[in-house]
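Scroll down for the structure; my scribbles are underneath it.
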Amino acid sequence: MLILGIETSCDETAASVVQDCVIQKSSVIASQAMEHRLYGGVVPELASRRHCENILAVTQQALTQANVTIQDIDGIAVTYTPGLIGALLVGVNFAKGLAFASGKPLIPVHHIMGHIAANYLAHPELKPPYLCLVVSGGHTMLVEVKDYTKFQILGTTRDDAAGECFDKCGRVLGFPYPAGVQIDHASKTGDSYKYSLPRPRVAGSALDCSFSGLKTAVINQVHHAEQIGEEIDRNAMSACLQRTIAEILTEKTELAAALTGYTTIAMAGGVSANSGLRSAMQEICQKHNYQLYVPPLELCGDNAAMIACQGSYNYLAGMTADESLNAYASGTAIGEMKV
Ligand code: KG4
Ligand code: ZN
């Protein structure tokens, strides 16, 4: 079985061919990050326009690299939610046109389900059920992966995502977009105890978390230092922020594992590339003797191989769509099909 995956939810135009769910035959990513960097963040209209320009060439390249033609493909998987609506619409409409012209099934894929599936590409031995910490630019949640296409959210952020916290704090610290990876680098030479940062608590669900108070605390400390003419130690502030985010996330994961009894834990999403978070998760998993699965760096961020992988499982579960498929910026629960 060969599935073509298409991803355009944010600022990466990506296409990939995956064989038998987990074998990557090709993965092409055209990143727009350097262009958006000029503006300090993703400019939605620019993202849509670049997707428009690049999507055909990127898809052709993915087919060529996999040494197949569209006739060899069994289904066309596409990210339809969540993301920037104008960006998603480009991928969805392109996939619909391609499915119509080729007579192949159209397979809608939830972007977060795709991030989780990135783990199967790198670790085919990983099988549901297990617990997954999803940490991306727009989402932070603890998910019970009941089956390849069945998910339950156990806890989520009440406000900002961890990635957003990294990016916004990085911006006030003067790092270029996307700041998460810059904070990761700067942390390596910073004193992670130099500044005191809060670890916001949320009432209600013990597995929910919050990052907006932490973000505000960093921004306030940076502005305060500017006002009194002091120079903030960027590397130390980065290290303090990274340590605090890693502590919050590992504590929630530890609790979720204790409450559910899962001993297999995975990580997914762009922030799972963070070296501080990866080592903190390794530490708790070693302590409790949990099995930890983390995608390799190239599969943490947005790519289409993860969409083709999840699309393969959706296809096997009969989760296909007709030509009325739409894109949704948000509001579609993970695992819930809105087609
Ligand atoms: O999953 P992703 O590529 O896109 C979304 O679906 O949102 O995640 C992007 C997020 C950004 O916030 C980016 O700064 C963050 O992942 N990120 C990192 C690192 N690499 C990417 N955050 C912290 N440390 C990193 N090494
Ligand atoms: Zn993503």
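The values are calculated or read from the model by the stated rules, or taken from the named source; none is laboratory data. Note that the coordinates shown come from a computational prediction; the quantities given were computed from them, not determined experimentally. Cβ coordinates were reconstructed from backbone atoms using ideal geometry, including for glycine residues, and neighbour counts include every protein chain displayed. Just the protein is used for accessible areas: all its heavy atoms, side chains included, with ligands, DNA and RNA removed. Shrake-Rupley method; radii C 1.70, N 1.55, O 1.52, S 1.80 Å.
Applying the Karplus parametrisation 6.51 cos²θ - 1.76 cosθ + 1.60 with θ = phi - 60° to the phi angles of region 15-29, what ³J(HN,Hα) value in whole Hz is obtained for each residue in order, glycine and proline being reported as x?
Ordered by residue, 3J(HN,Hα) equals 9, 7, 10, 10, 9, 6, 6, 10, 9, 6, 8, 7, 7, 10, 10 Hz.
Calculate, for R49 and A101, the FRET efficiency according to 1/(1 + (r/R0)^6) with r their C-beta to C-beta distance and R0 22 Å; round to the nearest 0.05.
0.45
In nm, give the distance between the simple-model label positions of D147 and I228, each being 7 Å from the Cα along the Cα-to-Cβ direction.
It is 5.9 nm.
Provide the per-residue ³J(HN,Hα) series for region 204-212, in order, calculated from phi with Karplus coefficients 6.51, -1.76, 1.60 and θ = phi - 60°, each as a whole number of Hz, with x at glycine and proline positions.
Listing the rounded values in order: x, 6, 5, 9, 7, 9, 8, 10, 6 Hz.
Report the label-to-label distance for S205 and H288 in nanometres (one decimal), using points 7 Å from each Cα along the Cα→Cβ vector.
So the label points at S205 and H288 sit 1.7 nm apart.
Using all Cα-Cα distances in region 100-174, what percent lands in each 10 angstrom bin from 0 up to the longest?
Cα pair-distance distribution for region 100-174, in percent: 16, 39, 26, 15, 4, 0.
Note down the relative contact order for region 160-273 as a percent, whole number, built from C-alpha pairs under 8 angstrom at least six residues apart.
34 percent
Excluding same-chain residues fewer than 8 positions from K104, which aspartates and glutamates have a Cα within less than 19 Å of its Cα?
Result set, ordered by chain and number: E7, D20, D72, D74, D322, E323.
Taking amide H positions as placed 1.01 Å from N in the peptide plane, with prolines and chain starts having none, which residues 5 or more places from R158, or on another chain, fall under 5 Å of its amide H?
Those qualifying (amide H under 5 Å, at least 5 residues apart or on another chain) are C209, S210, F211.
What percent does the relative contact order of the chain come to when contacts are Cα pairs within less than 8 Å and at least six residues apart?
That works out to 25 percent.
Figure the gain on full extension for D72 and K127 (residue separation times 0.36 nm, minus the Cα-Cα span) and round it to one decimal in nm.
Gain on extension, D72 to K127, equals 17.0 nm.
Expected output is a single nm value to one decimal: the length gained when fully extending between Q65 and S330, i.e. 0.36 nm times separation in residues minus the C-alpha distance. What is it?
Value of the extension gain: 92.1 nm.
If you filter region 10-95 for chymotrypsin sites (Phe, Trp or Tyr not before Pro), then keep DSSP loop positions with at most 15 other Cβ within 10 Å, what is left?
When the chymotrypsin sites (Phe, Trp or Tyr not before Pro) of region 10-95 are filtered for loop state and at most 15 Cβ neighbours within 10 Å, Y39 remain.
Determine which aspartates and glutamates satisfy two conditions relative to K194: a Cα distance under 19 Å, and not lying fewer than 8 residues away in the same chain.
D184, E226, E230, E231, D233, E247
Across every pair of different alpha-carbon atoms, what Kirkwood hydrodynamic radius in Å does region 1-103 reach?
13.7 Å
Towards the positive end of the charge dipole of the chain, with charges on Cβ (+1 Lys, Arg; -1 Asp, Glu), say which of T189, A33, A258 has the farthest Cα.
Comparing the listed Cα positions along the dipole, A258 ranks first.
Run through all the Cα pairs of region 115-225 and give the fraction in each 5 Å bin from 0, expressed as whole percent.
2, 11, 16, 20, 17, 14, 11, 6, 2, 1, 0
If Rh is defined by the Kirkwood formula over all Cα pairs and Rg also comes from Cα, what ratio Rg/Rh do you get for the chain?
0.98
Report the residue, chosen from G155, G180, G269, that carries the largest GNM mean-square fluctuation when the chain is represented by alpha-carbon nodes joined by springs under 10 Å.
G155
If I take the Cα coordinates of region 1-47 and project them onto the principal axes, what are the three extents in Å, biggest first?
Principal extents (largest minus smallest coordinate, Cα): 41, 15, 11 Å.
Express the accessible area of the chain per residue in Å², computed with a 1.4 Å probe while the remaining protein chains stay in the model.
Ligands and nucleic acids excluded, the result is 41 Å² per residue.
Can you list the HN-Hα couplings for region 302-307, worked out from phi with the Karplus curve (6.51, -1.76, 1.60; θ = phi - 60°), rounded to whole Hz and with x for Gly and Pro?
For region 302-307, the Karplus-derived couplings read 5, 7, 9, 5, 5, 6 Hz, x marking Gly and Pro.
As a test of the definition: which semi-axes, in Å, follow for region 179-222 when you take the square root of five times each eigenvalue of its alpha carbon gyration tensor? Largest first, please.
23, 13, 11
Whole number please: convex hull volume per residue, Cα atoms of region 138-191, in Å³.
Value for region 138-191: 124 Å³ per residue.
Using a 7 Å offset from the Cα along the Cα-to-Cβ direction at both M34 and D191, what is the distance between the two label points in nm, to one decimal?
Spacing of the two 7 Å Cα→Cβ label points: 3.8 nm.
In deg cm²/dmol and to the nearest 500, what is the mean residue ellipticity at 222 nm of the chain if only DSSP H runs of at least 4 residues count, each as -39500 (n - 2.57), divided by the residue total?
Estimated from H runs of four or more residues: -14000 deg cm²/dmol.
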